[in-house]
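**Student:** So that we are looking at the same thing, I have put the structure below in structure tokens.
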């Protein structure tokens, strides 16, 4: 085990005081599961009072925070594990329905130490209105948990719903069959009893073993219904160890994250914090959305060295960051890793962010474009390398995008990982410069999909044609390797590719970006979806506000068509302008094009205007006419350029950012006319 010398406090002006763990040895022995790192750190004198997690409340006063030290977290986790094993047995499945916060962090680690299989999901409103319970039903049906862990107020609301005269008998039966466990009950025990249960400091570990499936992590749902991924404790530990090496994290690192803690990257950073012995400052996604400047203030106050952020958030912070509106100054000089996730990662958006915040101390060499997916326990790779200067890194771009990996160097973090690009039809590796499906072979690969053996074989056991090789995870992502250093560019999803009439292909995000660029004053950035219907390109775009002027709406539609044609040489057959919040997204902010298409065809889209261009055959023409006539109000007109238009003017309402549904008038489903 490493030797830790004395810790020296470091302070800069009025910022939060942190400790400097100066004699840290990064070569300490790796542990088979993440929870064992927590026990190690908690029993080292220098780490007992070290903050592991800091939670900042959703308010303008970031001084309103609570802290868990490594010793406190370890004691709480041990107590939770002991209490959970009273009604449950090792290996049982539990669904975690906790809101973001330290309570959720403690519960996740407590389940691992108890040897339970946990299914953390975002708790839906217990009134279960607005059809917000579908993912809960999916999770309960697929994982069949014995118990649910939640805050007592949430459990009270659930009991009230069960006792009400709800018409959803299936949901009521599922909720009734669960053993509900209060987070207060498993934590609020007598301290003497708690400490008596802890036993020797290094007693035999009885939590999840490396080979145990300890987590069901759902995919984001970007290209289809979210799927339950089985994650072993060993693969999760390997994944965050790989990420720790890739980002050069250590006990002096301070992480700031507002990502959802129950899923994907947000969950991975909880584990990454413990494996690195670092400190993580957390807040909720809602807090960031309500006040993006909070993210910058947390980086400043805690002198954060690392922060993950979805790519779509960078333009949002530039636009709504309130740089000049806050009372506290912004200083980003401490950042060493600005980890950008959620492909595609556009170079222009990153450069704009760097140019705006460089004067606030942001080091361009901290930019860390990264790639990951749930089927590999989240992290796969990053193009970032340890900087040697304060200059802009020599990172190339390809087709407007930044790379997410550099495969040309024999780095330690890639020694047991193989990333290749394959023709997804022939299963043969393609040459550099040719786009194909990204395949990944790594000890971080998850074990498969729960209840989907055929899909598991197809996705997790990819093998190269006519070549003896190990099994690969088929990511479903398209990529291309470019340059001498073999940079990997993640281009988009295989399932979303649009095939053009000249046999060329284009990724829909290029069409969506061009559509937004045509009218950025009226359209919402990152809130459009492009797809095909009857071999015709359809673009659905959210408006910033409910514009009622027909002439303005018509010009926006025509501008979208013209902008896409000029920028991407793609002919758009139909433009649909919809109210804010109409385009479905994943919890991590990815556009769900498949769900948008289903909503449009099913008549569930809240439309302000739709305009068709040209003659695309009877099938598509009928589709458009049916939608227009079924609305029952509005006016047909003939737009310039031969486009038929249909206008729907709805009532004014408050727009909600990242809303997944709309309260506007809906149209009958196309299927009802068949």
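The values are calculated or read from the model by the stated rules, or taken from the named source; none is laboratory data. Here the structure is a predicted model, which is why all the values come from computation and not from measurement. Cβ coordinates were reconstructed from backbone atoms using ideal geometry, including for glycine residues, and neighbour counts include every protein chain displayed.
**Student:** Specify which of the listed residues (117, 85, 38, 44) is touching a helix residue (DSSP H, G or I) at 6+ places or on another chain (Cβ under 9 Å) and not assigned by TED's automatic domain parsing to the domain that holds residue 278. Let's see the steps before the verdict.
**Tutor:** Values: 85 fails: touching a helix residue (DSSP H, G or I) at 6+ places or on another chain (Cβ under 9 Å); 38 fails: not assigned by TED's automatic domain parsing to the domain that holds residue 278; 44 fails: not assigned by TED's automatic domain parsing to the domain that holds residue 278.
On inspection, the qualifying residue turns out to be 117.
**Student:** Which residues, counting only those in segment 549-575, are more than 14 Å from residue 519 (Cβ to Cβ) and outside any helix (DSSP H, G or I)?
**Tutor:** At the first step, the residues of segment 549-575 found to be more than 14 Å from residue 519 (Cβ to Cβ) are 550, 565, 568-571, 573-574.
Across segment 549-575, the qualifying residues are 569, 570, 571, 573, 574.
**Student:** If residue 513 satisfies every condition in (1) under 22 Å from residue 223 (Cα atoms); (2) at pLDDT 95 or above; (3) in contact with a helix residue (DSSP H, G or I) (Cβ under 6 Å, 6 or more places away or on another chain) but one, which is the exception?
**Tutor:** Among (1) under 22 Å from residue 223 (Cα atoms); (2) at pLDDT 95 or above; (3) in contact with a helix residue (DSSP H, G or I) (Cβ under 6 Å, 6 or more places away or on another chain), residue 513 violates only (3).
**Student:** Please give the number of the condition residue 108 fails out of (1) part of a helix (DSSP H, G or I); (2) modelled with pLDDT under 95.
**Tutor:** (2)
**Student:** Just need a number here: residues in segment 534-549 that are within 19 Å of residue 605 (Cβ to Cβ) and either at pLDDT below 95 or over 31 Å from the mean Cα position of the chain (by Cα) (or both).
**Tutor:** 7
**Student:** For segment 111-136, how many residues are part of a helix (DSSP H, G or I) and buried (at least 22 other Cβ atoms within 10 Å of the Cβ)?
**Tutor:** Going through segment 111-136, the residues part of a helix (DSSP H, G or I) turn out to be 111-113, 134-136.
Applying the additional criterion that residues be buried (at least 22 other Cβ atoms within 10 Å of the Cβ) yields 111-113.
The qualifying residues number 3.
**Student:** In the list 438, 419, 511, which residue meets the criterion of being over 30 Å from residue 597 (Cα atoms), outside any loop (DSSP other than H, G, I, E, B) and under 23 Å from the mean Cα position of the chain (by Cα)?
**Tutor:** Of 438, 419, 511, the one residue that is over 30 Å from residue 597 (Cα atoms), outside any loop (DSSP other than H, G, I, E, B) and under 23 Å from the mean Cα position of the chain (by Cα) is 419.
**Student:** So, one more: Quick one: is residue 546 closer than 30 Å to residue 439 by Cα and not assigned by TED's automatic domain parsing to the domain that holds residue 135?
**Tutor:** No, not satisfied.
**Student:** Right, here's the next one. Within segment 287-295, does at least one residue satisfy the condition of being farther than 25 Å from residue 116 by Cα and buried (at least 24 other Cβ atoms within 10 Å of the Cβ)? Walk me through how you get there before you give the answer.
**Tutor:** Our first condition is that a residue be farther than 25 Å from residue 116 by Cα; within segment 287-295, this holds for 287-295.
Pick out the ones that are also buried (at least 24 other Cβ atoms within 10 Å of the Cβ) and you get 294.
Yes: segment 287-295 contains one or more residues that are farther than 25 Å from residue 116 by Cα and buried (at least 24 other Cβ atoms within 10 Å of the Cβ).
**Student:** Still on this model: Which residues, counting only those in segment 422-442, are over 19 Å from residue 405 (Cα atoms) and in contact (Cβ under 8 Å) with a residue 24 or more places away in the chain?
**Tutor:** The answer is 424, 426, 427, 428.
**Student:** Here's something else I'd like to know. List the strands (runs of 3 or more DSSP E) that sit entirely inside segment 229-345 and contain at least 1 residues that are without any contact (Cβ under 8 Å) to a residue 12 or more places away in the chain, more than 23 Å from residue 219 (Cβ to Cβ) and in contact with a helix residue (DSSP H, G or I) (Cβ under 7 Å, 6 or more places away or on another chain). Give the steps one after another, and end with the answer.
**Tutor:** On the way: elements: 254-257, 279-282, 306-310, 337-341.
Correct list: empty, since no element meets the threshold.
**Student:** Determine whether residue 381 is farther than 26 Å from residue 231 by Cα and either surrounded by 24 or more Cβ atoms within 10 Å (Cβ to Cβ) or in contact with a strand residue (DSSP E or B) (Cβ under 8 Å, 6 or more places away or on another chain) (or both).
**Tutor:** No; evaluated as a whole, the condition is false for this residue.
**Student:** Tell me which residues, restricted to segment 450-465, are under 13 Å from residue 439 (Cα atoms), out of contact with any helix residue (DSSP H, G or I) (no Cβ under 9 Å at 6 or more places or on another chain) and in a helix (DSSP H, G or I).
**Tutor:** Hit for segment 450-465 is 458, nothing else.
**Student:** Assess whether residue 535 counts as being over 28 Å from residue 311 (Cα atoms), touching a residue at least 40 places away in the same chain (Cβ under 8 Å) and outside the structural domain of residue 316 (by TED's automatic domain parsing).
**Tutor:** Working: over 28 Å from residue 311 (Cα atoms): yes; touching a residue at least 40 places away in the same chain (Cβ under 8 Å): yes; outside the structural domain of residue 316 (by TED's automatic domain parsing): yes.
So residue 535 fits the description; yes.
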